[in-house]
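Here's the structure we're looking at; comments come further down.
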Amino acid sequence: MAVPGVGLLTRLHLYAQRRTRVQRPVLRLLSCPGTVAEDLRRDEQPSGSKETGFEDKIPKKRFSEMQNERREQAQRTVLIHCPEKISEKKFLKYLSQHGSINNHFFYESFGLYAVVEFCQKESVRSLQNETHAPSKGMEVAIPFRSRFFNLKLKNQTSERSRVQMSNQLPPSSKKLFEVLCDAENIDDQLNTLLKEFQLTEENTKLRYLTCSLIEDIAAAYFPDCIVRPFGSSVNTFGKLGCDLDMFLDLNETRSLSTHKTSGNFLMEFQVKNVPSERIATQKILSVIGECLDNFSPGCVGVQKILNARCPLVRFSHQASGLQCDLTTNNRIALTSSELLYIYGALDSRVRALVFTVRCWARAHSLTSSIPGAWITNFSLTMMVIFFLQRRSPPILPTLDSLQTLAELLLKEFFEYFGNFAFNKNSINIRQGREQNKPDSSPLYIQNPFETSLNISKNVNQSQLQKFVDLAQESTWILQQEHLDGPSISGNQPWGLVALLLPSGASRKSLGKKKSRKPANERIKVLLESIKSNRTENFTDTNGKRQISTQT
């Protein structure tokens, strides 16, 4: 069965190919044998020097290839709870008895943990065969052979040293403001924010390993199942500390059950039948939830939320420190992740803009980790993509215009949505245009693959108005000449730091307290100021563009 939305993704790249030859390498991200995109890729001529420069910035792997490689890597990996202090050299020497180690790193969650990737899967089985179930005294251990181990030292007085640990959390607000203020300009601030917040290689490995450990549990009932991460963990827009969304993919199990004939005989499995696919999903997740709660080490706080529009099991994976949501029959979500993966691969500045807008929204409490009427990060990302499609000239899906744009896009994004007619228009990134709203929802963003659904249906009018007010205010802030770079005194907030200061709050920023009026009042004052002032542009003798305001 064809995956929903693949036709759209293929047309996206065909459109990009017509616009400019520079975009041809993007086809490699999606093209599969037998598709039109693959035919175009096969017919490509050797790239010129201009194309080669872009190819260096574009991942050579398709989304499916990346996912498969990460999953295979996770299957060769183990998670080990270690003593507080341990000799890294002796630790690796001990594990090397079971085979060559490809990679490893340490991190802290509820204790010290090591992620160790062997070169061969056989090394994992060798380690499991040498491991025994612990003795718990009066308690009885459930004998589950997982790839999550606990290491103890026989000789507590042996030489020990503290290992270097990988960071799995985003920077604090104080540290973020410090590094942003040390930047040279706003463009540099955008790239710095992206670098500080984006998922690290180690964190990405930990997420795939967590999915692989959950897959081991589910495989007891569905031997050919795959637990796939989706959303922020894989679409290149995830930040450190974000939740891990995963879905139980039973497509491989179903494909093995397709009709195979031998002469006049047809063999089928005996199965349970239920009235609907939703009921089947609820039953499957209910059983998997029970297994996670009772048998899976490290899984705590398991909740079975089976009556939601998309049934799920929510739990905390204590060892990785990740909050997890497990669904099934959710291939649309994976396809949406692939779409964002492609957009994020076009140019790093797209990701930098998304990260900045998300960080701005969280600083002003436009988004929240708690479900409610707030705008979600996914909705914000779709709004950024839509803005880049609608901008004149358009930024997505072409690559040419991305060469010299960064700070300008941030200001224009706020300006665009600060003046968007949310009262009558909806956002459609499938066609890249505004449409009349089909209902009275304050914010209507069409799901690109299930076009009858509004992904921002939860947002109420007050939250939308707060977004608009802050977007208008942020436009004005970025237009101020004195905020384009650090102040002479070095203690004034500028650029992104000025944007990230919460509205309506008095707080210390870089050693100086700054009180701000509510957004509506400030915007009113600014508009009156604009009406009463006359602004003209001129160029100085050095050719630098400056702004002069006369009363």
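The values are calculated or read from the model by the stated rules, or taken from the named source; none is laboratory data. Just so you know, these numbers come straight off a predicted model, no measurement behind them. Positions of Cβ are generated from backbone atoms using ideal geometry, with glycine treated the same way; all protein chains shown enter the neighbour counts. Heads up: the accessible areas ignore ligands, DNA and RNA and are worked out on the full protein's heavy atoms, side chains in. Shrake-Rupley method; radii C 1.70, N 1.55, O 1.52, S 1.80 Å.
For the residues E72, E139, E122, a 1.4 Å probe over the protein chains yields an accessible-area ranking, largest first, of E139, E122, E72. Label separation (F265 vs T451): 4.8 nm, computed from points 7 Å beyond Cα along the C-beta direction.
At full extension, D439 and N294 could sit 47.7 nm farther apart than now, given 0.36 nm per residue minus the alpha carbon distance. A DSSP coil position with no more than 12 other Cβ atoms inside 10 Å describes the following GluC sites (Glu not before Pro) in region 260-296: E268.
Given R0 = 45 Å, the distance between the Cβ atoms of L408 and E65 translates into a calculated FRET efficiency of 0.85.
State whether region 222-361 is rounded, prolate or oblate according to the following rule on the C-alpha gyration tensor (a ≥ b ≥ c being the square roots of its eigenvalues): a/c under 1.5 gives rounded; otherwise a/b larger than b/c gives prolate, and the remaining case gives oblate. Because a/c hits 1.5 or more and a/b fails to exceed b/c, region 222-361 counts as oblate. Note on E88 and N425: their simple-model spin labels are 5.4 nm apart, each label 7 Å out from Cα toward Cβ.
Counting only protein chain heavy atoms and rolling a 1.4 Å probe, the accessible areas of R76, R207, R145, R309 rank, largest first, as R309, R145, R76, R207. Considering only protein heavy atoms, what is the solvent-accessible area of H364 at a probe of 1.4 Å, reported in Å² to the nearest 10? Solvent-accessible area, nearest 10 Å²: 10 Å².
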